[in-house]
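Peer 1: Quick one: the structure is below, and I'll ask about it shortly.
The values are calculated or read from the model by the stated rules, or taken from the named source; none is laboratory data. Quantities reported herein were computed from a predicted structural model and do not represent experimental measurements. Please note: Cβ atoms are built from the backbone with ideal geometry, for glycine as well, and neighbour counts cover all protein chains shown.
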Amino acid sequence: MRRSLFFILGILTVYEISYAQWLGISGVTASLEKTELGGPRIVIEYDLHEDEITPESPAYVFVRFSKDSGATWSLIPHNYLSGQGSPIVESGGHKGILWWGIEETGFPSIDQIQFQVRGIRMVRIPAGEFTMKSTPGGGYDSKRIGNRVSSLPGFYMAKCETAVSMYADYLNEVGGNGAGWNSQMSDTLRCGIEQTGSSPAYSYKVMPGRENYPVTFVSWYDAVAFLDWCGLHLPSEAQWEKAYRGGRFLEGDSLKQQPNPLPERKFPWGNESPGEGEVFRCNGRGEEDGFAHTAPVESFPEYSSTYGICDLAGNVAEWTIDWYTTTYHVDLDGIRMVRGGSWRSFPSGLDAISGATSLPLRESGIMGFRGAFEF
Amino acid sequence: MAAMGRREFFKSSIGAAAALSAVSTRRSVASTDKVILGVMGVGGRGTQLAGWFAQMPDVEVAYLCDVNERRFDRALEMVETSQGKTPELVKDFRRILDDKNVDVLVNATLDHWHALGSILACQAGKDVYVEKPLSHCIWEGRKMIEAARKYERVVQVGTQTRSSAYVQKGIEYIKAGNLGEIHLVRVNNFMEKPGRKKGPVEPVPDGLDWDMWCGPAPLVPYSPGQWWMDLWDFSTGSIANEIVHQLDLARMLVGIGYPTSVYQAGGVHFFHDGREIPDTQLATFEFGDLTLMMEAAIWTPYIKKIPHSIRDSDNFPNWPFTSTKVEICGSEGMMNFGRQGGGWQAYDKHGELVHSEPGRQGDPDHLRNFIDCVRERKTPAADMEEGHISTLFCHLANISYRVGHRKLKFDPQSHTFVGDEEANRFLKRDYRQPWVVPDKV
């Protein structure tokens with residue numbers, strides 16, 4: 001359980017939120033400043049209590065505000081904000097965010113604004129080339145073809161799959177009428193979010209011990225809605241695959257002389273099969289890896305990708321933003337691509353190439369997601 | 001099977017519905033027993049079928065089978081959460097056939113595996129639910145019927161709209177003469193499909209039995225990408241895979257059976273990706289004083305399938321831009337008929353809308369009908385012969401194309417082309433050992 005401090009201007013409010021995967025943020029204050037030429041701005045300050053925030057593994061910080069005493073909340077768009085306190089924060093400690101243009105947001109009174117500041121641990125993937133859609137020993141790519149070497153601009157990806165605790169927090173803001181909720185989420189083996197009350201005031205709580213498990217039974221639309229709420233988006237397949245394999249050069253290009261020793265690796269850790277030598281490197285099919293269903297995120301930290309991203313292989317298969325087919329499936333859009341395999345997958349289904357297709361409405365106990373961000 | 005006009009066929013098919021009930025020698029499934037089934041092929045459709053069957057309280061999905069183990073996880077999750085019991089996973093469908101406790105094989109494989117898988121299942125004493133198009137060539141479609149009849153199997157083809165209530169209402173409306181004399185039926189299928197993208201030859205990936213995947217078709221080097229869909233060796237084609245539903249529907253509505261002629265125009269017009277099977281097909285079939293026009297293309301982005309929000313509602317699609325429809329043209333009126341729910345609407349000779357009948361998709365009723373027929377040993381709604389005839393239209397159109405857009409005469413009695421040896425060479429395909437459809441089933 002972490003605490004977060006909400007500040008109504010001039011009034012300090014301590015507000016306890018039961019989330020586990022949000023980063024440790026406290027001491028949130030906000031004050032109004034008038035500038036000589038730039039108009040008013042709000043200065044939001046907070047303390048980020050995380051020891052391992054670095055440029056390679058930064059925090060993604062987003063701010064939501066309410067101007068009606070918490071009845072409704074909105075995300076402050078990143079382009080309204082400046083300062084070292086958002087969106088990408090490269091070290092812990094005391095941080096500041098400047099919010100410009102507040103006169104345009106129509107506050108009845110500046111004293112009534114409430115803020116929620118949250119952070120997600122991310123990983124930086126530098127710009128540069130990577131090997132896509134091919135592995136030694138055979139890559140299975142039944143749906144797509146691409147060039148062997150591709151290139152991407154730099155981006156950030158969430159270190160972990162979106163956790164039950166984060167999603168429950170989200171539901172408590174937006175899910176009063178049941179939006180985003182699936183009754184199967186109360187399955188304690190596959191998810192673990194309980195709904196109580198009645199519409200339009202449902203509330204949600206994490207079932208004991210389930211805080212750090214990946215959220216499941218989310219459709220593509222649910223995943224996108226949650227990430228919109230955070231100011232993030234689903235990764236593309238290309239982003240996902242580069243995160244999985246690493247770039248040809250781990251620091252972006254040849255000048256920094258950090259070649260990826262295995263740019264065509266089959267798995268995030270290398271080419272060893274997930275259970276080779278009775279060492280279990282991810283949560284796949286069977287219980288020998290220690291998990292019969294989903295595992296808490298980051299359960300196999302020593303087998304993360306070269307960038308330190310966890311659970312890209314196994315645990316839950318992850319929605320991407322990419323479509324497989326054309327739009328002749330009217331009003332359901334096209335079929336989406338899902339990557340990474342899940343706790344039900346055979347080893348072959350966990351590799352860098354394997355992907356599944358799914359109608360975006362599907363909600364399953366083997367599917368989850370994580371977010372991505374770029375400037 | 002004698003050639004017959006459409007009215008004779010219509011009467012005959014009604015009579016056949018009761019014929020099976022007396023002939024089965026297999027034990028009936030006791031009313032308290034579950035029907036035990038195995039699903040062969042858990043791609044998109046197979047997974048969907050597995051999930052639906054698993055939700056039926058009197059059915060148990062005991063096996064999931066696929067040559068590619070990557071496909072198991074989604075189907076397994078769906079089945080286990082639906083029925084509370086874990087099916088066994090196998091890569092060889094013959095394991096399902098060997099299990100004496102299994103009653104049904106659901107065959108949701110690619111076209112080139114429909115015949116052999118279903119025939120072997122019949123020989124093993126299993127009833128079969130086989131996806132459309134029924135067969136990969138005309139000859140093997142007949143062999144499938146022979147096997148089903150010989151071993152007294154209940155075989156349902158996956159033309160699920162047959163089981164939708166709005167279809168019967170359409171039939172009654174037409175039979176009552178509301179459209180006058182029917183002389184023209186137009187069967188449409190327009191879509192926007194992506195082009196083929198064949199990857200380079202690569203080693204066969206772990207977990208994929210490529211030899212078995214190729215099965216009766218030639219063993220070709222493995223390449224990623226969905227390149228097989230529009231090649232004669234593996235498929236009846238993208239158009240056939242979809243339009244067979246509408247053809248089946250059209251036959252039901254106006255009561256037509258075996259066509260006796262075909263002429264095809266079209267070809268590979270849009271895609272330049274190495275495909276063999278046409279992306280544009282217009283074919284005419286003659287039934288005495290009725291002509292059926294099949295019109296299809298797979299590069300038309302402005303024409304859409306019936307929206308999901310309409311399929312099971314009381315609303316109707318935008319007919320001119322509806323991908324999967326049948327138009328029935330009579331002397332007194334016409335009817336637009338949707339294949340995926342969407343209902344039907346009838347217009348009088350002045351073009352005024354005179355009747356609207358909302359539709360619902362047929363999958364739940366179709367599967368229920370099949371299971372009930374398995375229990376009661378009755379002929380199901382989409383019996384194998386019906387599936388064969390509807391698929392035959394697609395084969396005839398393809399063969400007319402392959403012999404150079406020639407008009408062909410077909411004899412339903414002998415199941416051969418009249419006076420056309422070149423066309424007759426396409427009746428049967430070559431099979432790769434050991435996956436050979438036998439002459440004697």
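Peer 1: Taking segment A:273-299 as the region of interest, how many residues are more than 19 Å from the chain's Cα centre (by Cα) and over 12 Å from A:L350 (Cα atoms)?
Peer 2: 13
Peer 1: Quick one: count up the residues across segment B:279-299 that are surrounded by fewer than 18 Cβ atoms within 10 Å (Cβ to Cβ), out of contact with any Leu (no Cβ under 9 Å at 6 or more places or on another chain) and not in a loop (DSSP other than H, G, I, E, B).
Peer 2: Number satisfying all stated conditions: 2.
Peer 1: Is it fair to say B:V157 is of a type in the set (V, I, T) and more than 14 Å from every other protein chain (Cβ to nearest Cβ)?
Peer 2: Spelling it out, B:V157 is indeed of a type in the set (V, I, T) and more than 14 Å from every other protein chain (Cβ to nearest Cβ).
Peer 1: Working carefully through the options B:P320, B:P307, find the one that is surrounded by fewer than 17 Cβ atoms within 10 Å (Cβ to Cβ) and either farther than 22 Å from B:G158 by Cβ or modelled with pLDDT under 95 (or both). Give the derivation first.
Peer 2: Numbers: B:P307 fails: surrounded by fewer than 17 Cβ atoms within 10 Å (Cβ to Cβ).
So the residue among B:P320, B:P307 that is surrounded by fewer than 17 Cβ atoms within 10 Å (Cβ to Cβ) and either farther than 22 Å from B:G158 by Cβ or modelled with pLDDT under 95 (or both) is B:P320.
Peer 1: Have a look at A:Q239, A:Q258 and point out the one that is polar (S, T, N, Q) and buried (at least 20 other Cβ atoms within 10 Å of the Cβ).
Peer 2: Numbers: A:Q258 fails: buried (at least 20 other Cβ atoms within 10 Å of the Cβ).
It is A:Q239.
Peer 1: Moving to a separate point now. Counting only residues that are in contact with a helix residue (DSSP H, G or I) (Cβ under 9 Å, 6 or more places away or on another chain) and more than 14 Å from chain A (Cβ to nearest Cβ), give me the helices (runs of 4 or more DSSP H) lying completely in segment B:300-411 with at least 3 of them.
Peer 2: Values: elements: B:308-311, B:363-376, B:384-402.
Qualifying helices (runs of 4 or more DSSP H): B:363-376, B:384-402.
Peer 1: Further question: Helices (runs of 4 or more DSSP H) wholly in segment B:13-115 with at least 2 residues that are at pLDDT 95 or above and within 14 Å of chain A (Cβ to nearest Cβ) - which ones?
Peer 2: Values: elements: B:44-55, B:72-83, B:94-98.
Here the list reads B:44-55, B:72-83.
Peer 1: Restricting the search to segment B:206-225, which residues are facing chain A (nearest Cβ under 7 Å) and in contact (Cβ under 8 Å) with a residue 40 or more places away in the chain?
Peer 2: Once the filter is applied, which keeps residues that are facing chain A (nearest Cβ under 7 Å) and in contact (Cβ under 8 Å) with a residue 40 or more places away in the chain, segment B:206-225 yields B:G207, B:L208.
Peer 1: Kindly list, by first and then second residue, each pair from a residue in segment A:175-200 that is not assigned by TED's automatic domain parsing to the domain that holds A:A295 to a residue that is surrounded by 12 or more Cβ atoms within 10 Å (Cβ to Cβ) and of a type in the set (D, E, K, R), limited to pairs with Cβ atoms under 6 Å and residues at least 6 apart or on different chains.
Peer 2: A:G180/A:D222; A:N182/A:E363; A:S186/A:E194; A:G192/A:R210; A:E194/A:K205
Peer 1: Those residues that are at pLDDT 95 or above and surrounded by 14 or more Cβ atoms within 10 Å (Cβ to Cβ), I need them from segment A:93-107; list them, please.
Peer 2: Within segment A:93-107, A:K95, A:G96, A:I97 qualify.
Peer 1: Answer yes or no as to whether B:D365 is more than 23 Å from the chain's Cα centre (by Cα) and buried (at least 16 other Cβ atoms within 10 Å of the Cβ).
Peer 2: Values: more than 23 Å from the chain's Cα centre (by Cα): no; buried (at least 16 other Cβ atoms within 10 Å of the Cβ): yes.
So B:D365 does not fit the description; no.
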